[in-house]
Structures are given as structure tokens and as C-alpha cells.
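The structure under discussion appears below in the form of C-alpha cells.
Every read-out reported here was derived from the displayed coordinates using simple, explicitly stated rules and does not represent laboratory data. Computed from a prediction, not measured in an experiment: that's the story for all the values here. So basically every Cβ, Gly included, is an ideal-geometry build from the backbone, and we count neighbours across all protein chains shown.
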Amino acid sequence: MHLNLASLLGGGRGLGQAAALLIALAVTATASTSPQQHLQRQQTSVTLRIPASHLLPNPGVLPPSTHATLSALGAGRASAPLTAANTLVFGNVSAGSYLVDVHCATHAFAPLRVDVVSPDGGDGGLVVRAWETFRGNDWDNKGEAVPADGGIEVRVLGQKNYFMERSKFNAFSILKNPMILLGLVSMCIFIGMPYLVDNMDPEMRAEWEERQKTNPMNGIMGAATGQPGASSGVGNFDMAAFLAGTSAKKGGSDGGAAAASSAADSGKATSGKGGENNRKKR
Amino acid sequence: MLPPQLSALLLLALPSAVRAVFKDEVGHIDYHYELLGVPQQETTFFHRPRRDEKASLLYTLSDVGVLGAVNPSSGAVLWRQLLNGTITEGGGFARAGKGEGWVASALGQSVHAWDAITGRNRFWTDFGGEVKDLEIMEMTENERKDVLALFDEDGSSTVLRRLNANDGSVVWEFRETSKDIPLQVSNNVGKVFVISLRGTPAAYNLKVTVLDTLTGKRLDEIVIGTKGDVHSKDDVMFVGANSAAPIVAWTDASHRQLHVNALGTKNRQDFALADGTVSVEIHAPHLVQSQPHFLVHSKTATGNRAAVYHVDLKTNAITKAYELPLLPGPGAFSTSSSGANVYFTRVTERELILFSSASHGVLTRWTLETKDSKASAVHAVSEVVKKAGTEGGFAIRSAAVTTNDDWVLIRNGALAWTRPEGMTGAVAATFAEIPENEELAKSLEQEAHSNPLAAYIHRVKRHIADLVYLPAYLNSIPTRIISSVLGTDVPSADGKLARDSFGFHKLAILATRRGMLYGLDIGNSGKIIWSERVFEIAKGSKWNVTGIQVQEDAGRIVVLGSNNDHVVLKTETGEIIDSKLPGPELAAQSAALVDTSSGARLIPVGLDGTIRDLPSNETPKQTIVTRGLGGEIKGVVFVANGTSAHGSTAWEFSLPSGQRAVSVATRPSHDVVASIGRVLGDRTVRYKYLNPNTVVVAAADDSASTLTVYLLDTVSGQILFSSKHEGVDTGKHIECALAENWLVCSFFGQYTFKDGSAQSYKGYQVVVSDLYESDEANDRGPLGDAAYSSSLGPIDTPTGVVLPSAVSQSFILGGPISALQVTQTRQGISSRQVLAYLPETHGIVGIPRMILEPRRPVGRDPTPAEAEEGLIRYTPVIEFDPKIVISHERDVLGVQNIITSPATVESTSLVLACGLDVFGTRVAPSFLFDILGGFSKGSLIGTVLAITAGVAVLGPMVRKKQINMRWKAPM
């Protein structure tokens, strides 16, 4: 539950010049508790204790600048340094309701509400009671009571981390990139396929090549990549034959035409594969 | 329900509001001087924190109220405690018992003891009176050593308490009600002596009260006549403590005779002092087992000499043993004892000389090898170790405070470390641009003014002359490339100061209360490039700097003081051009930096808020806001009167009775606003109320516990906006800041809400108010688009005076904040951060303005239009997330003032915090959008190399394959 502490301040629009001398609008709140009862001169001491916990296994590591403050309206500055016994001791605390903060450079602590009251009807010493408090909530919205005898235990919220982590160079994170994965897969196919085809059983290979030939996708793929499917394309162009003034299709050597057609038949998607294939054949 | 892309944007916006420091940036973008303050002679000592280990540490309670331990071999601070939570003006006591693992200290009304190694507290006890002296009882009836603390309660009673060193409980208390002034406490094996002044200021006598160590009962009381030589407590120079035969010594006003009394006896002995003695100091060992010898150090105007005296333990007779010759300079003596032997170390301008207290023979001497020849030691503490075996071999470590407020450690004559402790107590600071090279500017000017041919020849000659630097430049290329790849800083060419293209390389000028000025090179880890003693400030007083101004064109700095003093010095070297010593009387409350027809000028403001007549070319163009004697606020304008102009009060603003001004804030001198309006989510615009002539005055009413914040128009004195907060603790930090069209105010509040919910609240909070020209969007208010307007001229609108429309919101803070400042960037395009010091956690926090946004929707999630604007849901609490602490892990102590300055790049603002520590960094409130920060050049080069290698390997393969394909055999 959060409170709205908004104080909408009406900027004095429409105020006459004479009236504008001192018009303070929009008062957030009023003082609730009257200033601490100064008449009561009785004083006591408040001891806080930092126990070892899983978040802070050894309170001995806390820096010596660790200290606690006790604040309330008109209470002045009350500060208690951390002792070697991991306690924080406020001497001479008068009656009142105090906000207790433990300030530390390395760890964060939960704020506390500490009430120093005289017991009902009794005229004995002052009694110290403590609760957890929640900033931004009603002061009377107390948390769980913290036992005050033997030192009020302060709860560690955790270690303070002041730094941002810089993203480090990580080969794995690059490999996780889908674009890289796609590239890697196609590279595997590109390199591994000819070997796979080469190592095939001759019969099985012939069967496979046959199937490739009849595969309708092949023609489309071949056309798309500029490879000869059924029709002649640029890839089918025989430079030597062209320069010799003969057409591969027409009167060229049979071997040339056979090689070309075999290349086309094996349904290669790329010329490199064809070259590999042919070299092996040779 | 939010559209998914918007909620994603919202999620991104939350963490992006903060940008913490990267660990590798530490020490690269920031610098920090972890300081203690200038050590005081009486509260500085070497001490072994562990009885059975030889290693000792250096402890001091400085003149700013910091108790700390320093590693004498490295000069590093091990721990420190700001005892009162605020900077003090000297005083306090610190002592350590030999062989004990704790250090006792006292300041103000409290006595405390600290673990000597960890700096943790052993006990902290507050008493009613003011502590006048602190001593350790070396010998007690049990093993424990106890603490003796002397108090003065309300000037009416003298109280001596013996405190248990384990828990601070009172073992016994001696109380005496009298008008006597308690002075010091001393003890020997069997007795405790309380020395007080009895009588009238015209002629005090010394009263020695002898007490029993066990019970604190009075055993005896001795009054020693001083024949009217003692007029104040400062006249009594020394009360020997803990030595086998403690003494008390004083001189007459003319320093002709030294009077010594062995405590516990009635008679005094007189010794003649040499002619021309100006001041006298006494040095004696503090240990019971040491021989009862003491040294009298007498300074003349130009030199210093010393004499060693012995006390006879049986007869209490004091005899002069030997004299040390007169040497030039102030000189410093220090005492160290090892067992019964007492050694005196003399630090002169050139040498470090060691004597034994028994004879005048020099045991060893070293020539000082200090780099800084100007400074000489003022006071010192030393630790003498006699080397085992070797005959006459000594090792000395001497920690000395120099005339330049540095703390140096001299180890056997060589300088081990220097700590610039004088930088504590900074009272004014500013940034200065590094002056441009004047020679180049001059020769360019010369070329421009001569005929083209001559200019051309001159230019060619200049370029040929510049070839001298070519080999050096070529030499520097490899290191530059390597450092640029590794990301290390390129050291500025041969230590010369030069501006950089980012504008990070500037100077920070610091003026301290002790009359020192420092110039720090903030582009080079805040290195001190010059330090200059401007004035000798007497102990107990301080240099009250009212204004500091950098004249960039002239390359000068002008510093004005409150006592009619000023100093002008060169920015680059700190060389003093002109100075005037502070007068005896306070003459100025502040100084105003104003524009005049002859450029920007600092004008001192008199104590009553009036300003003297000024010549017409120095007449300020603006209204100067001053404070009158009665606390009223005045606007002073200058009226030309022939060749001069006199200031006349244009308006006066008196605070309502009971209120006092606690904080005044103005817009920063560099407060550029990039956009005059705020575009809202629905594409309408709210126009900012941008009035350069505004000032925020926060007035507190102590009796009613209220705080009223006024925004005043400095031209007309009109209240533009005011707000009142009830239940405000006026004794705690209240601070305001004003920038652009908004103001923030921080205070401690405790109140009940008025909304009928009967909820109450207690804690630190900050209130932020945005000012707009009109309540409505797309409306420029009564002034409309008018290019000019006057707050003095009549306004022919029915609404009267143009008042801003305000939107306010308050937030609860995780702790108190002080020294509020707003980041400044060059064009004001970057968003802003409110910088504040956290006095409790010793850090500097940069709260993004996006969090301190009064328009954050309350009690609901932001609408898509609001989310587009960057508004996030209102949460009442702003906890200080460690990620927004710009000083990260550093323990920045006692910051009084934060200053900011824009860099050349828009993204960055330079920050300097001073007061006790000095800390500087750069902040980028909207991220480093114009700098490739944290770019890993190494991985870039690695990638390029890997690709090159791949190409080199694959290239031939592919080529071979292609050729094979072309030449494949026909089948």
C-alpha cells in the first residue's frame, strides 16, 4: 500500500499584487506529534545489534564507518558508531518515537521504528520497543515487532553493488545468434554434401541421382540459382566451345556435353559441388 | 492494458534511468583524495596497535575533526572517523596507551575510544560539560589502563572523570564547583594532577589539585604564583603528562623567562630565554619509564634553537643539560622514547638530526631529500628505532606538517610520501579552462597583421621551426597506438597542460580556509599541479572566501575574501599577480558575479547588504540580491550618477517574523535550456516558465517547525511561487536547488496527512516543483509569444502579474541529502541529474530528474501517452540504489560543496565535490551518446585479424577450386 504524498501547490494565479506578499497555499500536511516532551528528562540507552546472517555471515567485515542514526522531529543529531562487538549503542535517548537507520557503505539495512516510552502507569525507567518500518507508508503501519532486550537486531537486506557489469566478449553468445547458426548449418551442408554423395554406395547413388532428376523442386531450384535444370542457362555455357566457334549442344565433343549434362543431372545447386563431383569422377 | 510494445518500452525505461559506474572506469573517470585534515601537534602520534608486533601506525586527530590511522610506510588511510559528523575548527584530544590496542579521543562533549586496527568503536560516552583534556592512566591498580577526562561544566565546575577503558563507564568522578578554569590533567605513578587557572584575567595563578588515583579524592591543593604572567589558558604552554616527573611551564609575555614547576611541588624555577624569542614550545616524553628530560624549543623571527633540561626525580630540581644551536627556519622537534632512552629529532630546512636527551652529541644526521624546497616543517612526530647489533644505527620515521599544509613522512632523510592534507577545509572551488597556448595565438595574430609575403615567410619559418617536435611526435606514436588500443590514458605531452577535444581536461581551483589555493588537473586524475600559500591565516581564524572568479581570457583567477582581501593569480601556474592581506574586520557578506560593460566581475557585498559606489564601467547590469542586517532580502540596482554609479535598493523582501532564511538557491550560471516546452504524449506542449531572474529562498520557522519556500523575481521582488511545509525539523539539513523551470527542496518532515486518513509520516523527503507558463497545454499564458517582457512594467491583462503554474510532488528519501547541485551540460539537451551528498553513507548520489518528476501518475499505471513521455508510475520512496551513487565504493567524507561544469561534449558534466575530501568525476545523465565509451578496441582488432586470417587461408583454396573447375578434364 502506497501513499500519495503529493502536495499540489497552487501557484498563486489570480492573486492580486497586494495580496501576493505572502500567500502560502497547498500545505502538505500538519505537524502531528507535538515536539518531543522536553519535560521528560529521563533518558535511556538503545542498543542495536547486527547479527550474523546468510547475507552477512561475518559482521566483522563491515567498515568502521558503519553507524546508525536516530531521527525524530527536533531530536537533534544522534549517531552511534559500530563497535567491535557489532553493536551500535545510543546513550542518553529521551522518550519519543524514532526512525532508526543503519548506514553502511557495503550493506543495506532495513529501517526500524524505535519507540522509547515510559511504561503505563509505572514510574520506572523507560521502555524501548522496536518494529520494522516501511518507508513511504504510514508511520503507525508497523511491521513485525523486533525484540528489544539484549539489543535490537537489525536486518541486513543485502550487499550493495555499486557497479554495472560490462558485457564481455563471449564466443558462445556469438554462436547463439540465429544468423550465425543458419550460416553454420548451410556451411556444413555446403562442405559435407559432396563427401556424403561420394561415399555413397554406387547403386544407391544412381538411385538418388535418378530421384534428383525427377524431383520437380530441382528444376525450380536450379532456375532460381541460375543453374541448368532442364533448360540451358548461363551455368551451362561452355566458354571453350564458344571460343572454338562450336556449340556444345550441336557438334561439340561428346565428353564435353556429357560432362555438362552429368553436372546438370546430379542436381547440384552450385557449380562448386559440380566441380568437386567431376574431379572425383575423373 | 498497455500495448505490448509500450509496456516493453516502460520496462526499458526503468533501468535506463540509471547508469552506474563500470568497474574499469574507476580511477579513470574519477579521482578522490582521501584526506584527514592537517594533523595537530598534540594529537598526532605513532602507536603500536599490537603489543607484540613491532609495526606501528600513525594516528592523528586533525584540525577538521577527523580521527584516523595512516600506514606510515605507504601513507594510505586505514580508517578514519569524522567525530562530530561535521567539519570542526580544530581542538579535540587523542591519546593512546602504550601497548594497548585502542586509541582514546575526545571532542566537544564526548569521549570515545576506538580499536586501533579496525577503527571500530569501543565506547562513546557523552557528558554534560566540554572536554578540556584527556590523558591515559598508564599505571593503575589493575592491568587495565584507564582514561582521564577533564570537563568544564558551564564554566562553574571542574569535573575530572576516570573512565573504564573497556566500556567508558565512570570509575570515579572528582567534582569541584569553582570559577577556576580547568586547564589540563596530568598524572604520574601515584597521583593525578588537575591544573586550573585561578583568579582574574589580569593575573591568573596556577592551581594544582592533587588527587588519588584509586578514589579520586583530593589529597592536596597547591597554588603557584605566576606574578601576572598568565593571562589566558594559552599562556600556559605545557603540562607534562605521564612522564615520571610531570611539569608545568609558562613564560612571561615578552618571552624573556621560562618558568617551570615540577607538579606536586610548590616552588618554581626560572630559566632565561635568548633574546628575540617569539614563541616557545616544550617537548617531553609521555611515558612513565622514560627519563624525565624535556626540550624547550624557542623560535625567533628567523630561526630556532633549543635547550634540553633534566629533572631530578628525588629533588625535583631542574637543570639545563645542553643547548642546540640556532638554525634558520621555523624547524620542528619531536620526542620519541624507547625504554628509558629519550630521543629528540630535529627537522630543519635541510637536515634531519637525531639527539639523545642525555648528551648533546649528534647520533645521526641525514640530509633531507625533499622535492619541495619551499616548504619547511612546522611540527613533527617521530619514531626512532635503534637497529639491533650495529653500533649507533638508527632508523627514523618523521611525520611532519609543512608550511604548505602537506603532511610528509621522512624516512631516514628521504621523502616517503606526501599527503596534501591542506586540501581539506575547502571554502570555495571552481573549474577553469586550461589557458590556450599564448605563443601560437600571438604569432597567428602577427601573421594576420603583416603583408601577405612577410606572413607567408613567417609561416614557413614557423613550420620549419616546428619540425623540432617531429622526432618526439614520431616517437610518441607507438605508445599512443598501444595506449589507445589498451584503453589507457594517453599521458599529456611532457607534462604540459593541454585541452582535449572532449573538454574533460580542465583545472579545478580550490581555496581552503587555511589560506591555500590549489590547482588540480582534473583530466589527469586530479593531480595537483600547483599549490600556493596565499595568506598566513592565524590559528583559530579562517580565510573567508566570498567569491572566486576565473577570467578565462586573461588566464587569471580572482579570489575575494570577506575581510577586504583579494588575490589574483595565474590559472596555469598559480603564480600570485596581486594580493591584499585580510583586514582585521569582516567587511563583506558575499560577492556577486555580475556582468558589466567591462566584462564579468566580482563585486563584494557589504555586511549590511549595501554595495559601495562603482565606476560606470564596472556597473552591474543585473539586480544584485543581498541580505540585510535584519535578515531581509534586498534587490540592489545601480543608478548611474555621472562617472560612477551607486546602488539603490529596488525592493526589499522581509520574511515574516519568526522565519529565518536557511537556504538560498539560484539558477546555475550555465543553465542552457534546449527546449522551451515539454511535448506531452498527446502532442500538445506545456511551455516551461523560464525566468532567468529568479531566486529560491527557503525560510524556516523554528518554533512552529515549518518551512516556507519562496521563489522570488529578482527584478521586482515579487513572490512568484511559495509553498509551506509543516512538521519540518529546522535543525536538520534543509537545502534547495533551482534549475531550468524546476526547483527541489529537501528536509526532514514529521506530520500527519490532512486528507483525513490520519496517516502520519516521518523521514527525509524531497519536494520537486515544476513551473509552467500556463496551467493548460498549448498555451503560453498571458505573455504569449512576446519576445520581451518586464516584471516591472504594467501588464494589461486582467490576471495581473504573470505567475507561473506549478506542479509539485514530494518523495521520501532513504536518508538525508545535502549540497544539492544540478548537472550542467553544454547545450542542455541531456537530461539532468540532481547531485547530492549523502552525509551518512559518505557518497554522492546522482538522482535522475526522470525519477524526481512531479507529473508521474499517482496510484495508477501511466497511460500509453504518458508512457511515451517517459513518465513512470509514482512511488513515494526514492531509495538510494547503489547504482545511482556516482562515487560508488569510495568513502567521500565531509562534502560541503558540489560544483558542476559542462564539458565540450554534450553528454557529459564534470563534477567536483570538496569540503573535507576532494572527489571529482564525470557524469552522463543521458548516457554517453556522443562518445564511443567502453568500446573494446582489442576485440575489434581481434575480429579484423581473424577475418584477415580466414581470407588468407580460404582465398587460395577457393582460387584453386575455381581453377580446377575451369580446367576439369572432359569426361
Mind listing the lone cysteines of chain B, meaning no other Cys beta-carbon sits under 4.7 Å from theirs? B:Cys914
Counting sequence-distant residues (5 or more places) and residues on other chains, those with an amide H built under 5 Å from that of B:Lys506 are B:Ile522, B:Gly523
Would you work out the charge dipole size for the range A:42-159 about its Cα centre, treating the Cβ of every Lys and Arg as +1 and the Cβ of every Asp and Glu as -1, and quote it to the nearest 20 debye? 360
Counting only backbone N atoms under 20 Å from a point 7 Å out along Cα-to-Cβ of B:Asp126, the residues of the range B:90-115 in range are B:92-93, B:105-114
Can you tell me which of B:753-759, B:514-520 comes out highest on packing, and rank the rest after it, using the mean Cβ neighbours within 10 Å? B:514-520, B:753-759
Under 24 Å Cα to Cα from B:Lys387, which lysines show up? Leave out anything in the same chain fewer than 8 places away. B:Lys54, B:Lys98
About its Cα centre, the protein assembly as shown carries a charge dipole, from +1 on Lys and Arg Cβ atoms and -1 on Asp and Glu Cβ atoms, whose size in debye to the nearest 20 is 3600
C-alpha center-to-center spacing [the range B:650-714, the range B:825-863] in angstrom: 18
Can you list residues from other chains, or at least 5 along the same chain, whose modelled amide H is less than 5 Å from the amide H of B:Ser926? B:Ser831
Give the angle, between 0 and 90 degrees and rounded to the nearest 10, that separates the Cα long axis of helix B:470-486 from the longest principal axis of the Cα atoms of chain B. 90
Alpha carbon centre of the range B:161-208 versus the range B:246-304: separation in Å? 21
What average count of beta carbons from other chains do you get within 10 Å of the Cβ of residues in B:292-303? 0
From the C-alpha gyration tensor of the protein assembly as shown, pull out the three semi-axes of the equivalent ellipsoid (sqrt of 5λ each), sorted largest to smallest, in whole Å. 68, 42, 36
Relative contact order in percent for the range A:42-159 (Cα pairs under 8 Å, 6+ apart) equals 29
Evaluate peptide B:197-210: per residue, the Cβ atoms of other protein chains within 10 Å of its Cβ; return the mean as an integer. 0
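Which length gain, in nm to one decimal place, applies between B:Asp275 and B:Ala946 when the Cα-Cα distance is subtracted from 0.36 nm times their residue separation?
Length difference between fully extended and current span is 233.2 nm.
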From the gyration tensor of the Cα coordinates in chain B, what semi-axes in whole Å does the equivalent ellipsoid have, largest first, with each one equal to sqrt(5λ)? 56, 39, 31
Just going by the charge dipole of the protein assembly as shown, with Lys and Arg at +1 and Asp and Glu at -1 on Cβ, which of B:Tyr689, B:Ser382, B:Phe753 is farthest out on the positive end? B:Ser382
How far, in degrees from 0 to 90, does helix B:452-466 lean away from the longest principal axis of the Cα atoms of chain B, to the nearest 10? 50
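What FRET efficiency, computed as 1/(1 + (r/R0)^6) with R0 = 60 Å and r the Cβ-Cβ distance, is obtained for B:Leu470 and B:Leu214, rounded to the nearest 0.05? Walk me through the intermediate numbers first.
On the way: r = 84 Å, r/R0 = 1.39.
Efficiency computed from Cβ-Cβ geometry: 0.10.
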Name the residues whose placed amide hydrogens come within less than 5 Å of the amide hydrogen of B:Val605, ignoring near sequence neighbours (fewer than 5 apart) on the same chain. B:Gln589, B:Ser590, B:Ala591, B:Ala592
Which of the three applies to the range B:155-267, rounded, prolate or oblate, going by the alpha-carbon gyration tensor with a ≥ b ≥ c and a/c under 1.5 meaning rounded? prolate
For the range B:108-114, what does the Karplus curve 6.51 cos²θ - 1.76 cosθ + 1.60, with θ = phi - 60°, yield as ³J(HN,Hα) per residue in whole Hz, taken in order and with x for Gly and Pro? x, 9, 10, 10, 9, 9, 10
Per residue of the range B:341-350, what does 6.51 cos²θ - 1.76 cosθ + 1.60 with θ = phi - 60° give for ³J(HN,Hα)? Whole Hz please, x for Gly and Pro, Karplus curve as stated. 6, 10, 10, 10, 10, 10, 9, 9, 5, 10
For B:Lys145, counting only aspartates and glutamates whose alpha-carbon sits under 16 Å away and dropping same-chain residues fewer than eight positions off, the answer is B:Glu100, B:Asp115, B:Glu135, B:Asp167, B:Asp212
Based solely on its DSSP helices, what 222 nm [θ] is calculated for the protein assembly as shown when runs of n ≥ 4 H residues each add -39,500 (n - 2.57) and the sum is averaged over all residues, nearest 500 deg cm²/dmol? -4500 deg cm²/dmol
Between the helical axis of B:4-16 and the dominant principal axis of chain B, each derived from Cα atoms, what acute angle in degrees is found, rounded to the nearest 10? 30
Describe numerically, in nm with one decimal, the distance between label points set 7 Å from Cα along Cα→Cβ at B:Thr643 and at B:Glu776. 5.8
Kindly write out, for the range B:131-139 in residue order, the coupling ³J(HN,Hα) from the Karplus curve 6.51 cos²θ - 1.76 cosθ + 1.60 (θ = phi - 60°), rounded to whole Hz, with x marking Gly and Pro. 6, 9, 6, 9, 9, 9, 8, 5, 10
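Counting Lys and Arg as +1 and Asp and Glu as -1, each charge on the Cβ, what is the dipole of chain B about the Cα centre in debye, to the nearest 20? Walk me through the intermediate numbers first.
Numbers: 91 positive and 103 negative charges, 576 e Å.
So the magnitude is around 2760 debye.
What is the fewest-to-most order of B:Ser232, B:Ser805, B:Ser398 by other Cβ atoms lying within 10 Å of their Cβ?
Lowest count first: B:Ser232, B:Ser805, B:Ser398.
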For the charge dipole of chain B, defined by +1 on Lys and Arg C-beta atoms and -1 on Asp and Glu C-beta atoms about the Cα centroid, which residue among B:Gly630, B:Ala704, B:Ala739 has the Cα displaced farthest towards the positive pole? B:Ala739
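Pick out, in residue order, every one of the GluC sites (Glu not before Pro) in the range B:271-359 that is DSSP loop and has at most 12 other C-beta atoms within 10 Å; say none if there are none.
Listed in order of number, the matching sites amount to none.
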Which whole number gives the average, over all residues in A:69-82, of C-beta atoms from other chains lying within 10 Å of the residue C-beta? 5
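Which of the peptides A:199-210, B:29-40, B:269-280 is most tightly packed, and how do the rest follow, judged by the mean count of other Cβ atoms within 10 Å per residue? Can you show the working numbers first?
Working: A:199-210: 11.1, B:29-40: 23.0, B:269-280: 14.5.
Going by the mean number of other Cβ atoms within 10 Å, highest first, we get B:29-40, B:269-280, A:199-210.
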